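This report concerns only the one structure given below.
The values are calculated or read from the model by the stated rules, or taken from the named source; none is laboratory data. All values derive from a computational prediction rather than experimental measurement. Side chains are part of the model used for accessible areas, which takes the heavy atoms of the whole protein and leaves out ligands, DNA and RNA. Shrake-Rupley method; radii C 1.70, N 1.55, O 1.52, S 1.80 Å.
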Amino acid sequence: MISQLGEPLVTQRSDPVIPQRSDDVISVLIADDHPFLRAGLEAVLRTAGMAVVASVGDGDAALEAIAAQDPDVVVLDLAMPGRDGVATLAAMREAGDQRPVVILTASIDDRQLLAAVDHGACGIALKEDAEDFLIDCIRAASAGQRTIDPRLAQRIAALTSEDRPMRRID
């Protein structure tokens, strides 16, 4: 098939495409238990000029891939089978791994939110707004900055400034 610009819509390659890592390209590992979402995230991040060095479906596989691929930034889904995103982040920190981690989630309760912050998550993004905000989170995390969805940041401020009941943010 040919696009309106006269370019092939599908190209065939006999050699695998391996992202080239350079100092200006952020290498990212994605951990999410939904393959379709992982594939979409990979496409979005590659379009943004990032190199996806690994894409896995659970926290244990993420820890193995982190050791093997040494990504600049790790994106962890909060709700994964087995070791969830916060438990994976905690395991990284307990092992002395301080690399930037961005938590991606459809919803998060107060306990998970505070645990992610306590373990040093550099970013927290809600899946409903993820594309542009997630790219910003990853870039900021790579630069040593913290970026948290404004709704979640407000909730963190409320939880840490006064004694409020725990609730879930969807």
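Tabulated data for the structure shown
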{"read-out": "Inter-centroid distance (Cα atoms) of the stretch 38-114 relative to the stretch 128-150, Å", "value": "13 Å"}
{"read-out": "Amide H within-cut-off set for Leu104, under 5 Å, with H built and near neighbours excluded", "value": "Leu76, Asp77, Leu78, Ala125"}
{"read-out": "Share of carbon and sulfur in the accessible heavy-atom surface of the stretch 82-147 [1.4 Å probe, %]", "value": "43 percent"}
{"read-out": "Heavy-atom accessible area order for Ser142, Ser107, largest first, 1.4 Å probe", "value": "Ser142, Ser107"}
{"read-out": "Note, ³J(HN,Hα) from phi for the stretch 116-125, Karplus 6.51, -1.76, 1.60, rounded to Hz, x at Gly and Pro", "value": "4, 5, 4, 8, x, 4, 8, x, 9, 10"}
